[in-house]
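Quick notes on the structure that follows.
The values are calculated or read from the model by the stated rules, or taken from the named source; none is laboratory data. Keep in mind it's a predicted model, so treat the numbers as computed, not measured. Don't worry about glycine lacking a Cβ; one is built from the backbone with ideal geometry, like all the others, and counts go over all protein chains shown. Ligands, DNA and RNA are excluded from the accessible area calculation, which covers all protein heavy atoms including side chains. Shrake-Rupley method; radii C 1.70, N 1.55, O 1.52, S 1.80 Å.
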Amino acid sequence: KIYFKRHYYRFTLYEDRPSFYINYHKKWFYGGELTISTPVGGGDVAFGGEWREERIEGTGVREGRLEEALGRHIDHRQALYTEYNEALLGGRLFLNCGLRGDHHSEYGWYICPQASLGYRLTPRYKLRTSIGRSFRAPTYTELYYHDPKNWGDPNLKPETAWSYELG
């Protein structure tokens, strides 16, 4: 998969007074992803990688003066991942486990494992459980944007979380 996306947007703090605080942003995303899947034993294993670049240019009018809003920034992100799926016990027990490593040019490496298990009790009901780790890098708005009602913090770090599920 190869992709490219470019968009422009405008944000006005006060719709009835646009010259007081208005922002113009140009944003670009581009990158690619490759996944290879193959049968192994009784299941399937997938390996893959991603690469992405994100750019932004933001200007704005501040009380009648043209200034930087979000500024100019570039981030690079890469990821490597693997996943294994297998159905056992005649298709009643389902196993899935994976590992993903993400590298962000600003924040470094984050390793996120995940695993899930499901058991089909009847054709209609299934018992399932899962656990996984995730992370989310702050957006440019959260880092750099400010106006009379919002204030970005360039010292923010990525959010991380563990999620657990039973159903």
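In the set Phe11, Phe29, which member is in contact with a Gly (Cβ under 9 Å, 6 or more places away or on another chain) and hydrophobic (A, V, I, L, M, F, W, C)?
The unique qualifying residue is Phe11.
Among the residues in segment 32-51, are any modelled with pLDDT under 95 and more than 28 Å from Ser130 (Cα to Cα)?
The answer is no, given that none of the residues of segment 32-51 is modelled with pLDDT under 95 and more than 28 Å from Ser130 (Cα to Cα).
Consider only pairs whose beta carbons are under 7 Å apart and that are at least six residues apart or on different chains; among these, list those whose first residue lies in segment 17-33 and is open to solvent by less than 20 Å² (accessible area, probe 1.4 Å) and whose second residue is modelled with pLDDT of 95 or more and of a type in the set (Asp, Glu).
Gly31/Glu50; Gly31/Glu53
Could you say whether any residue in segment 29-44 is farther than 15 Å from Ile74 by Cα and in contact with a Ser or Thr (Cβ under 6 Å, 6 or more places away or on another chain)? Quick ask: steps written out before the conclusion?
If we filter segment 29-44 for residues that are farther than 15 Å from Ile74 by Cα, which is where we start, we get 32-44.
Retained after the next criterion (residues that are in contact with a Ser or Thr (Cβ under 6 Å, 6 or more places away or on another chain)): 44.
Yes, segment 29-44 contains a residue that is farther than 15 Å from Ile74 by Cα and in contact with a Ser or Thr (Cβ under 6 Å, 6 or more places away or on another chain).
Looking at Leu89, Leu95, Leu117, which is the one that is of a type in the set (A, V, I, L, M, F, W, C), at pLDDT below 95 and either under 14 Å from the mean Cα position of the chain (by Cα) or open to solvent by 50 Å² or more (accessible area, probe 1.4 Å) (or both)?
Values: Leu95 fails: at pLDDT below 95; Leu117 fails: at pLDDT below 95.
Step by step, each of Leu89, Leu95, Leu117 is checked, and only Leu89 is of a type in the set (A, V, I, L, M, F, W, C), at pLDDT below 95 and either under 14 Å from the mean Cα position of the chain (by Cα) or open to solvent by 50 Å² or more (accessible area, probe 1.4 Å) (or both).
So how many residues does segment 56-86 have that are open to solvent by less than 60 Å² (accessible area, probe 1.4 Å), hydrophobic (A, V, I, L, M, F, W, C), at pLDDT 90 or above and within 19 Å of Lys26 (Cα to Cα)?
Matching residues across segment 56-86 total 1.
Looking only at segment 100-109, which residues are open to solvent by less than 40 Å² (accessible area, probe 1.4 Å) and either within 14 Å of the chain's Cα centre (by Cα) or touching a residue at least 40 places away in the same chain (Cβ under 8 Å) (or both)?
Listed by number, the residues that qualify are Gly101, Asp102, His104.
Against the conditions (1) open to solvent by less than 60 Å² (accessible area, probe 1.4 Å); (2) charged (D, E, K, R); (3) out of contact with any strand residue (DSSP E or B) (no Cβ under 6 Å at 6 or more places or on another chain), where does Glu53 fall short? Just the number, please.
Failing condition for Glu53: (3).
Within segment 120-167, take every residue that is within 30 Å of Arg17 (Cα to Cα) and among the polar types (S, T, N, Q) and give me the one that is farthest from the chain's Cα centre (by Cα).
It comes out as Asn150.
When Thr38 is evaluated against the numbered criteria (1) surrounded by fewer than 15 Cβ atoms within 10 Å (Cβ to Cβ); (2) within 23 Å of the chain's Cα centre (by Cα), which criterion, by number, is the only one it fails?
Of (1) surrounded by fewer than 15 Cβ atoms within 10 Å (Cβ to Cβ); (2) within 23 Å of the chain's Cα centre (by Cα), only one is false for Thr38: (2).
Name the pairs whose Cβ atoms lie under 7 Å apart, with the first residue in segment 114-140 and under 21 Å from Glu83 (Cα atoms), the second surrounded by fewer than 15 Cβ atoms within 10 Å (Cβ to Cβ) and acidic (Asp, Glu), and 6 or more positions between them or separate chains?
What qualifies is Thr129/Glu165; Ser130/Glu165; Phe135/Glu159; Arg136/Glu159.
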